[in-house]
There are 4 protein chains.
Amino acid sequence: MSRTPDTWILTADSPSLLGTVDVVTRYLFEQQCYVTEHHSFDDRLAQRFFIRVEFRTPAGFDEASFREGLAERVEPFQMKTELTPAGYRSKVVIMVSKADHCLNDLLYRQRIGQLPMDVVAVISNHPDLEPLARWHGIPYHHFALDPNDKGAQEAKVWQVIEESGAELVILARYMQVLSPELCRKLDGWAINIHHSLLPGFKGAKPYHQAYQKGVKLVGATAHYINNDLDEGPIIAQGVEPVDHAHYPEDLIAKGRDVECLTLAKAVGFHIERRVFLNANRTVVL
Amino acid sequence: MSRTPDTWILTADSPSLLGTVDVVTRYLFEQQCYVTEHHSFDDRLAQRFFIRVEFRTPAGFDEASFREGLAERVEPFQMKTELTPAGYRSKVVIMVSKADHCLNDLLYRQRIGQLPMDVVAVISNHPDLEPLARWHGIPYHHFALDPNDKGAQEAKVWQVIEESGAELVILARYMQVLSPELCRKLDGWAINIHHSLLPGFKGAKPYHQAYQKGVKLVGATAHYINNDLDEGPIIAQGVEPVDHAHYPEDLIAKGRDVECLTLAKAVGFHIERRVFLNANRTVVL
Amino acid sequence: MSRTPDTWILTADSPSLLGTVDVVTRYLFEQQCYVTEHHSFDDRLAQRFFIRVEFRTPAGFDEASFREGLAERVEPFQMKTELTPAGYRSKVVIMVSKADHCLNDLLYRQRIGQLPMDVVAVISNHPDLEPLARWHGIPYHHFALDPNDKGAQEAKVWQVIEESGAELVILARYMQVLSPELCRKLDGWAINIHHSLLPGFKGAKPYHQAYQKGVKLVGATAHYINNDLDEGPIIAQGVEPVDHAHYPEDLIAKGRDVECLTLAKAVGFHIERRVFLNANRTVVL
Amino acid sequence: MSRTPDTWILTADSPSLLGTVDVVTRYLFEQQCYVTEHHSFDDRLAQRFFIRVEFRTPAGFDEASFREGLAERVEPFQMKTELTPAGYRSKVVIMVSKADHCLNDLLYRQRIGQLPMDVVAVISNHPDLEPLARWHGIPYHHFALDPNDKGAQEAKVWQVIEESGAELVILARYMQVLSPELCRKLDGWAINIHHSLLPGFKGAKPYHQAYQKGVKLVGATAHYINNDLDEGPIIAQGVEPVDHAHYPEDLIAKGRDVECLTLAKAVGFHIERRVFLNANRTVVL
């Protein structure tokens, strides 16, 4: 799992076809690349193929010519490939409101290198979490919401995301519904944490809903956002036992840990190129 | 947790009132009963009090006079009490269809004494599981369903339950919806296992629903039945991680263990007098 | 679980005797105290009784006279009692070395009120974690270790603990063995987190030991310190699945979360007066 | 995970060498085999390579010529290969003593097809579990132990194993220490379930040891047997939370479920050709 510095990650997906594995592994061999971990999965219902390979590159590895040769080879398979050095640090924008447990957790994991990412901006509709971001040396953008013109705020949000060069947007308990337009722009590269085991308890106040139902487990769901609120493809879910003695405020407190862990897990999977979109589901290799 | 043979269990619930704990513990002390475990909980939102005490009885303990004295004492508190010797074996009827994993598990736990119960009958709308019941020496009643007269079948089911003297009915993957009338009769003493984390995936084919949604956890819910399908008070829930490689039939296979464990847990709680109804929720002490 | 501001916690333990529960609950009733949660356990092998009660006090509750009356009542039972207002914040000293995951986690939980404690000092044998402590406004004491005179450093450590009025010392990955003398002083009120499932992998480098053995689970153990290294009474344990792809450095990374969660759980139990010493074991009510 | 009937499984391991993946995948492609799942791992500390591929065979697939061609290709890599049709049922011998929970669980999983195996014999040093084996139609061999001549009993055990053509021996709570000689014969193809989280609590009465230590988790370990008692390579481990109220007999009862689940998981991994020996550790793909 830990990697030598010369390690790269190659991921790809394509329609199911004979030869998809071979075209990748043969090319790697010809390029003298040494495979350290390989995982591929062919979804026989969706008729779609997914592959993730970690490999060590030979001395004098030339990225540009490797990419060129690869593109040529996989072209007949309509294969979408991605190539990433293992030490690569993704640029990330985090969006928050007032609750800071997920932000605190993500920034800590960045700081100690457990999540190899550079948080380039924190955006919020509230000023509260600025000190936390500042302490980590990260620019904080407070864009208050004008209820009469939500579009204006979203325009500013989008500008920061765009100018930051972010490759991933994390909604770390951002308590506003995004417009369909922004959802469309973020499709497939924005991860939200919802504080319930979706599809149970969609929408507002899931812990209060959970209390009403008297459930014995609460959970959290990290998913890509799409146009449907709380309906995007699920990446990771976590769960925590609770009992009758948990009032709604206790469920909220109890749920914080599982929200942090589930979101961090999903972000780690995404950054390590483990997650593939497969219609409204995900494949995690 | 394991108990000496002279141990009894006293449970009670009542409206929240000053003195509810004292009236119970003082009486136990006066009767020379030695408390080994005591758990009480007062629900400040529902304004309701719940208590469960395990105690060892003195030599010459007289059940009848104990009950009489207790009834007198708790009368001002509108307290509903239940008194059970720890070695008591509940009479149980199990209802099944074709899947036998829960039945097999429950009968095994009865056989080795892990669930202190006597299964007095197995009822099914199919003949398939008769050999399993017979091997355990338990009468098996096959009542086929007449789609044009479901009432006739239910009448036979109810007759067996009634004549058996059952104190608990377990729906161990019984794949028929009970009529409102039978639900009413079984209210509070029939436990169903539903193969999803309720309230997610109610109704039919929950594993297929789970597959469609691409969830990363499947689960099971043991609950008391009431009039609302899959909506009765939840006693226990369990969960199992799954991934993209689980097709619907794999989810079904994977879910069996958690169904068995969750149902057995709920049945154990019920038999040990740990479960209290609290409107549409349960308190488990 | 969440409490109204007038809630107090009463805990006690004593030899097993008829009347231990009654003497507590009767007194509470007479003082017009309303019990909201009560848990008692009598250990039949150790012949020892443990009780924890949460109760709401009446208007005009007088702590001093309550304590006086209680002491008188329980005296015949050789009962050791403790009385704490639910809103009480324990004074805590945290000891660390270089790894900051547990410190970061504990300070975060203090900051948002999830752990009702006041961290009055952080002590370390290294200067590294000073910025983190400072950001939370907590004094940081760096006492470097002189290998030729460990006693001198421990003397300084003890002075800070003593002068701070700390009621709890947390060894949050403090990587030094304490002297028997300091262990004796901290007996029963210092919690250590060990990064293995004790008694497996005692001593140094437990994750490397775990790797060598090829275990499929790693874990963490929070325990009171005593004279025997890694042998004190266990309060909480947690576990995390791992596989062949986890090299030792991956186990270390993977273990951080479970160390944080297990330590925070144990500290919460201690602060909420849930933990009782029972020879070399604990009772957690 | 579920498979079409034309699916085969190819596994192999070898020293780490450039080309190990390619030699396998290229051959599969040339043979028109369609890869549905592929997982390979290269252990950079042990310098050893492991691969497991599931693939669908083309119409007219000829096993013999496939094997021959494969052997030729992988020869330069010192690769040990294994080829198994997905529907293959392993022949299994189960050894037991008096506790039947693991046996009951394994036979149930065989019966419903969750474990694709044929249990060809149950061997015991006690007569107790014969009815259970008989009900499943499996020959039961009772070989009582002569304390003065353990070798005589082991000779009979070995004869049954050998004549049955078993490919896997399961020690499902067989409470006798095997001789070094028998261990050697069973090296790598006999799975034992030990009722603790090894390496904690080796040897006899692990639950009593766990009670003495006051642990908050009990567990089970499924491992290949080797010459060192309770020291063979670990395949799977499971865990269950416990508390102060669990006396030793409660730990024994509580541990049954996790023993069953952990053993069944390990057996499933073995049968599905997921487990590779890697010195004293295992790789599970």
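Each reported figure results from applying straightforward, stated rules to the coordinates on display, with no laboratory input. Everything quoted here is computed from the prediction, not taken from an experiment. Glycine also receives a Cβ, built like all others from the backbone with ideal geometry; neighbour counts cover every protein chain displayed.
One table, with the values for the structure above:
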| read-out | value |
| --- | --- |
| Three-way shape call for segment B:20-173 based on the alpha-carbon gyration tensor, with the a/c threshold at 1.5 | prolate |
| Distances in nm from D:Pro58 to the matching label points in the other copies, shortest first (labels 7 Å along Cα to Cβ) | 3.0, 8.9, 9.1 |
| Dipole magnitude (debye, nearest 20) for the protein assembly as shown, charges at Cβ of Lys, Arg, Asp, Glu | 0 debye |
| Summed side-chain charge close to D:Phe143 - residues other than D:Phe143 whose Cβ falls under 15 Å, Lys, Arg +1, Asp, Glu -1 | -4 |
| Shielding by partners, peptide C:141-152 (average Cβ within 10 angstrom, other chains) | 0 |
| Charge dipole (chain B, unit charges on Cβ, about Cα centre) - positive-most of B:Leu217, B:Gln237, B:Leu198 | B:Leu217 |
| Cα gyration tensor, segment C:80-236 - rounded (a/c under 1.5), prolate or oblate | rounded |
| Within 10 Å of each Cβ in D:123-133, the average number of Cβ atoms from other chains | 0 |
| 10 Å Cβ neighbours from other chains, averaged over peptide C:277-283 | 3 |
| Estimated dipole of segment D:161-231 in Debye, rounded to 20 [Cβ of Lys and Arg +1, of Asp and Glu -1, Cα centre] | 560 debye |
| Rg and Dmax [Cα atoms of the protein assembly as shown; Å; Rg one decimal, Dmax integer] | 30.9, 93 |
| Pairwise centroid distance, computed over Cα atoms, of segment D:181-256 with segment D:52-119, Å | 27 Å |
| ³J(HN,Hα), Karplus 6.51/-1.76/1.60, whole Hz, each residue of segment A:61-69, x for Gly, Pro | 4, 10, 4, 4, 6, 5, 4, 4, x |
| For peptides C:211-217, D:4-10, sequence by mean Cβ density within 10 Å, most packed first | C:211-217, D:4-10 |
| B from D by rotation - nearest chain D beta carbon to the axis, in Å | D:Trp135, 3 |
| Degrees separating the helix A:20-30 axis from the principal Cα axis of chain A, which is the longest one | 60 degrees |
| Mean Cα-pair separation over length for chain A, i.e. relative contact order, pairs under 8 Å, 6 or more apart, % | 15 percent |
| Where only C-alpha atoms are counted, convex hull volume of chain D per residue in Å³ | 147 Å³ |
| Mean ellipticity per residue at 222 nm, deg cm²/dmol - from DSSP H runs of n ≥ 4 across the protein assembly as shown, formula -39500 (n - 2.57) | -10000 deg cm²/dmol |
| Intensity falloff of segment B:7-85 expressed as log10 I(q)/I(0), Debye formula with alpha-carbon point scatterers, at q = 0.13, 0.14, 0.16, 0.21 Å⁻¹ | -0.36, -0.41, -0.54, -0.91 |
| Test item: Cα-centred dipole of segment D:1-58, Lys/Arg +1 and Asp/Glu -1 on Cβ, debye | 40 debye |
| 12 Å beta-carbon shell around C:Leu45, net charge (K/R +1, D/E -1) | -1 |
| Distances in nm from C:Pro241 to the matching label points in the other copies, shortest first (labels 7 Å along Cα to Cβ) | 0.5, 1.7, 1.8 |
| Charge dipole (segment C:7-85, unit charges on Cβ, about Cα centre) - positive-most of C:Thr84, C:Tyr27, C:Leu17 | C:Leu17 |
| Estimated vicinal HN-Hα couplings, Hz - segment D:253-258 in sequence order (Karplus 6.51, -1.76, 1.60; Gly, Pro = x) | 5, 4, x, 4, 4, 6 |
| 7 Å along Cα→Cβ, label-point gaps from A:Ser179 to other copies, nm, shortest first | 5.7, 6.9, 8.3 |
| A:Ala59/C:Glu162 FRET efficiency (R0 56 Å; Cβ-Cβ; nearest 0.05) | 0.40 |
